[in-house]
């Protein structure tokens, strides 16, 4: 599995390179761990989502990732559990 280079969201794995990609802390400052889709104003945008639900949600973007849905699901099943939000 290829680990993304650079900063990427520790919840969904999205690469973060532009200022608008980054989530925000409660004080409005940039959060370098989580993307703007997952984290705003110091809190997760979907705090009750489970890891399996996040895998399914992200696999829905398989076309954007240049993968088949099956390949994206397999990659996400391996990759997402290694991220800060999901590590046990």
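The values are calculated or read from the model by the stated rules, or taken from the named source; none is laboratory data. If you're wondering where the values come from, they're calculated on a predicted model, not measured in any experiment. Reconstructed Cβ throughout: ideal geometry from the backbone, glycine too, with neighbour counts over all protein chains shown.
Some notes on this structure:
- Restricting region 15-38 to residues that are within 23 Å of residue 78 (Cα to Cα) and buried (at least 20 other Cβ atoms within 10 Å of the Cβ), the residue that is modelled with the lowest pLDDT: 16
- Residue that is farthest from residue 7 (Cα to Cα), among those in region 64-88 that are part of a loop (DSSP other than H, G, I, E, B) and at pLDDT below 95: 68
- Complete set of residues in region 35-63 that are touching a strand residue (DSSP E or B) at 6+ places or on another chain (Cβ under 9 Å) and either on the phi > 0 side of the Ramachandran plot or part of a loop (DSSP other than H, G, I, E, B) (or both): 36, 37, 38, 41, 42, 45
- Restricting attention to region 39-53 and to residues that are closer than 24 Å to residue 19 by Cβ and in contact (Cβ under 8 Å) with a residue 12 or more places away in the chain, the residue that is surrounded by the most Cβ atoms within 10 Å (Cβ to Cβ) turns out to be 39.
- Picking from residues in region 54-88 that are more than 26 Å from residue 27 (Cβ to Cβ) and touching a residue at least 60 places away in the same chain (Cβ under 8 Å), the one that is nearest to the chain's Cα centre (by Cα) is 80.
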